[in-house]
Structure formats: structure tokens, C-alpha cells
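Novice: The following block contains the structure, expressed as C-alpha cells.
Throughout, read-outs are computed from the coordinates displayed, never taken from laboratory work. The structure displayed is predicted, hence computed values, not measured ones. Every residue, glycine as well, gets a Cβ built from its backbone with ideal geometry; the counts of neighbours run over all protein chains shown.
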Amino acid sequence: MSFLGPSRDAPLAEQIAALPTSRWIIAGLSLLVTIVVVTGFLLESRSGYSGRVVPVVFFKSWKADRSAADVQVDRAADAAAMQVKMAESQRYIATLPPAKQKAARAQYDAYVKALPAELKP
């Protein structure tokens, strides 16, 4: 018998029984590490610890012959759409219970403060 175990001709039960202790320790540790990693991923996915989700923002593509008037029209449309979204947010915050309303208002105010001047309500 060598470090690798008994010969290949022996029955399976005999081969398993003849494995050295170091092989059993390595097998147990590798199984334990696998279980810990998989359990960690499962717990993390349930707890939402992965952090803030960063939205992907795609840039618009315009024609090469776009005029300044087209730019102004697009900016006005973007500002109007932003005003509609802000009004929706205000209406939703008004429907919240008072405890949650205060936190939502603080979050809304921080968001508005970070907006560029042309998009602020």
C-alpha cells in the first residue's frame, strides 16, 4: 500500500477504508469550504447586503446635423419630463405614513439638491 491507497484491483470498500487520514482531512476541509462559500452566497442574496444598485445610463445618439433649436427643444422636453416625475414623487410621498414620510422627504430633498440647476423643480 502506498500514499495513493491500495491497488486498483481491490474492491471499492477496501480502497476507501485504506485511504490515509490526510486524504480524509483534505476531503473534509474541501467539503467544508464549499459549504461555507455556498451558504455565504445564499445568505447574502437573502439579506440584500450587496449594496446600492447603480443604474446604467445610456447616452442619447443624435444626428450630426442637429441644430441649436433642436437642442433647446430636447432640453425643454427633458425638463418637463423631470417635472412630471418630481410631481409624481411628491404625490407618492404625501401618501406615506408620517414616520416614513419624513425619511422619504429627506431622501427627496437630497436628490433635488444634487440635480443640475436646469432640472431642479
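Novice: Mean Kyte-Doolittle of at least 0.0 plus a Cα span of 27 Å or more along the axis: flag which DSSP H helices in the chain meet both, please.
Specialist: Numbers: long enough: 21-47 (38 Å, 1.27); 68-95 (41 Å, -0.11).
Qualifying helices: 21-47.
Novice: Multiplying the sequence separation of Leu42 and Ala17 by 0.36 nm and subtracting their Cα-Cα distance, what value in nm do you get? Numbers along the way, then the final one.
Specialist: Working: separation 25, 0.36 × 25 = 9.00 nm, distance 3.45 nm.
Stretched out fully, the Leu42 to Ala17 stretch lengthens by 5.5 nm.
Novice: Also: Label Gln72 and Ala99 with points 7 Å out from Cα along Cα→Cβ: what is the distance between them in nm?
Specialist: Roughly 5.2 nm, to one decimal.
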